[in-house]
Amino acid sequence: MVSLFFLRRPHLLHTPWAPVFSIQLAAHRGGSGERLENTMEAVENSMAQRADLLEFDCQLTRDGVVVVSHDKNLSRQSGLNKDVNTLDFEELPLYKEELEIYFYPGHFAHGSDRHMISLEDVFQKFPRTPMCLEIKERNEELIHKVANLARSFDRSEITIWASEKSSVMKRCKAANPEMPMAFTTWRSFWILLLYYLGLLPFVSIPEKFFFCFLPTIINRTYFPLPCGWMNKLWATFTKWVIMRKSLIRHLQDRGVQQWKPKLRYHVGQVQQPTHMILGKQESVLSFHHVDPRDLSQVLRVLFWCLNEESDFEVAFSLGANGVMTDYPTALRHYLDKQEPRDPASSV
């Protein structure tokens with residue numbers, strides 16, 4: 001009973017975090033379903049759809065340039081069987097004319113822009129757009145270059161560290177502690193264990209973002225295991241474990257204030273709107289003081305990587321704050337059809 005009480009009222013035990021931006025639409029690999037992944041054309045297309053977050057993976061070239069690339073080896077992307085770190089930036093090959101979408105097998109992306117881009121170029125063109133940067137392996141030079149780029153562009157607070165590995169995340173946080181963290185794989189399992197043991201309300205959570213796959217896409221658009229029956233079993237198990245509205249609500253409720261693009265809520269005391277330029281897109285951001293008793297509007301829980309409207313609906317019905325997709329246009333159309341929703345209403 002005590003655990004349930006504090007699960008629903010975490011502000012009684014923890015000082016909430018005030019997020020500086022919100023996320024409804026996150027573009028996976030810059031929007032890799034509608035244009036070639038991780039190209040400037042893909043990024044510009046996503047921004048035209050008012051993306052709230054751009055997601056990238058980072059690699060380091062031989063001459064020390066941080067490039068936006070999911071793969072270390074260039075074979076899948078370009079046909080050249082070489083690692084990024086064996087080439088200078090100017091030697092990087094063009095992408096293939098079409099690339100299969102990883103989270104939508106049998107579907108392919110095309111685009112006129114086939115050039116790999118540097119992280120610095122993206123920062124320069126979209127200096128105030130929130131981004132999530134995944135570091136896949138322990139590379140001290142790469143980590144420190146990313147950390148310093150975020151500092152030099154004065155965007156640490158809107159640049160998220162992401163990594164599957166806790167050992168890598170530890171290095172990332174040390175390199176730039178001002179950048180918020182997403183959960184690693186191990187930390188995600190740990191949080192789930194604490195939730196089912198009833199201990200989650202009593203544990204400090206340093207991470208600010210929970211990016212989680214949606215179990216219903218397993219065996220449909222995501223095949224993590226080699227056998228169909230194993231994927232089906234994994235989908236059933238993870239659906240039972242992860243899709244818990246009370247867990248999502250609790251993670252959201254570790255915060256008090258919200259920056260929410262365009263949608264305006266009349267909760268507490270609202271100040272005058274502030275304008276922020278996101279690349280070439282101008283969005284109106286309104287600051288809200290949210291009553292601590294109604295904290296579910298804090299935007300930090302996202303499901304990935306969803307590419308069909310039925311999956312968008314499942315994610316938001318669970319109370320998720322946002323979705324990461326390869327198809328920003330499809331998600332934008334879905335969001336524009338919806339009435340402004342309070343995630344608390346679905347919990």
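The values are calculated or read from the model by the stated rules, or taken from the named source; none is laboratory data. Computed from a predicted structure; not experimentally measured. Cβ placement follows ideal geometry from the backbone for every residue including glycine, while neighbour counts extend to all protein chains displayed. Ligands, DNA and RNA are stripped out before the accessible areas are found, and what is left, the full protein with its side chains, is counted by its heavy atoms. Shrake-Rupley method; radii C 1.70, N 1.55, O 1.52, S 1.80 Å.
Would you mind computing, in nm to one decimal, how far apart the modelled labels at GLU157 and GLU141 are, each placed 7 Å from Cα along Cα→Cβ?
Result: 3.3 nm between the two label points.
At a Förster distance of 51 Å, what's the computed FRET efficiency of SER112 paired with VAL2, Cβ-Cβ distance as r, to 0.05?
Working: r = 60 Å, r/R0 = 1.17.
With a Förster radius of 51 Å, E is 0.30.
Leaving out ligands, DNA and RNA but keeping every protein chain, what accessible area does GLU164 have, in Å² rounded to the nearest 10, with a 1.4 Å probe?
About 120 Å², ignoring ligands and nucleic acids.
Calculated FRET efficiency, VAL20 and LYS170, Cβ-Cβ r, R0 22 Å, to nearest 0.05?
It comes to 0.40.
What number results when the radius of gyration of the stretch 1-139, computed over Cα atoms, is divided by 2.2 N^0.38 Å?
With N residues counted in the stretch 1-139, Rg over 2.2 N^0.38 Å equals 1.29.
How much net charge surrounds SER118 when only the other residues with a Cβ under 13 Å from the Cβ of SER118 are counted, with Lys and Arg +1 and Asp and Glu -1?
Net local charge, SER118 excluded: -3.
Take THR236, THR185, THR61 and sort them by solvent-accessible surface of the protein heavy atoms, 1.4 Å probe, largest at the top. Intermediate results must be reported in sequence, preceding the final value.
On the way: THR236 90, THR185 65, THR61 5 Å².
Solvent-accessible surface, decreasing: THR236, THR185, THR61.
Quick one: how many Å² of VAL2 are accessible to a 1.4 Å probe, rounded to 10?
My reading of the accessible area for VAL2 is about 90 Å².
Once fully extended, how much extra length lies between ARG62 and GLU100, figured as 0.36 nm per residue of separation less the alpha-carbon to alpha-carbon distance?
Length gained between ARG62 and GLU100: 11.0 nm.
Considering only protein heavy atoms and a probe of 1.4 Å, how much of the accessible area of the stretch 1-159 is carbon and sulfur, as a whole percent?
48
Can you pull the one-decimal nm distance between simple spin-label points at VAL241 and ARG76, each 7 Å off the Cα toward Cβ?
So the two model labels end up 2.3 nm from each other.
With a 1.4 Å probe and every protein chain left in place, work out the accessible area per residue of the stretch 1-71 in Å², rounded to a whole number.
With all protein chains present, the stretch 1-71 gives 34 Å² per residue.
With every protein chain kept in the model, how would you rank VAL203, VAL323 by accessible area, 1.4 Å probe, largest at the top?
VAL203, VAL323
Answer rounded, prolate or oblate for the stretch 45-106, using the Cα gyration tensor with square roots of eigenvalues a ≥ b ≥ c: rounded when a/c is under 1.5, else prolate when a/b is larger than b/c, else oblate.
Verdict is oblate for the stretch 45-106.
Using 31 Å as the Cα-Cα cut-off, could you pick out the over-long pairs in LYS125/LYS245; LYS96/LYS337; LYS173/LYS245; LYS239/LYS337; LYS170/LYS239; LYS173/LYS337?
In this structure, LYS125/LYS245; LYS96/LYS337; LYS173/LYS337 lie more than 31 Å apart at Cα.
Top to bottom by accessible area (1.4 Å), largest first, where do TYR334, TYR222 land?
Descending order: TYR222, TYR334.
Report the Rg/Rh value for the stretch 1-54, based on alpha-carbon coordinates and the Kirkwood definition of Rh. Walk me through the intermediate numbers first.
Numbers: Rg = 18.2 Å, Rh = 13.6 Å.
Rg/Rh for the stretch 1-54 comes to 1.34.
In terms of modelled amide H atoms, which long-range or inter-chain residues lie less than 5 Å from the amide H of LEU60?
Under 5 Å from the amide H of LEU60: VAL67.
Round to the nearest 10 and report in Å² the accessible area of LYS96, as given by a 1.4 Å probe over the protein chains' heavy atoms.
Counting only protein heavy atoms, the figure is 80 Å².
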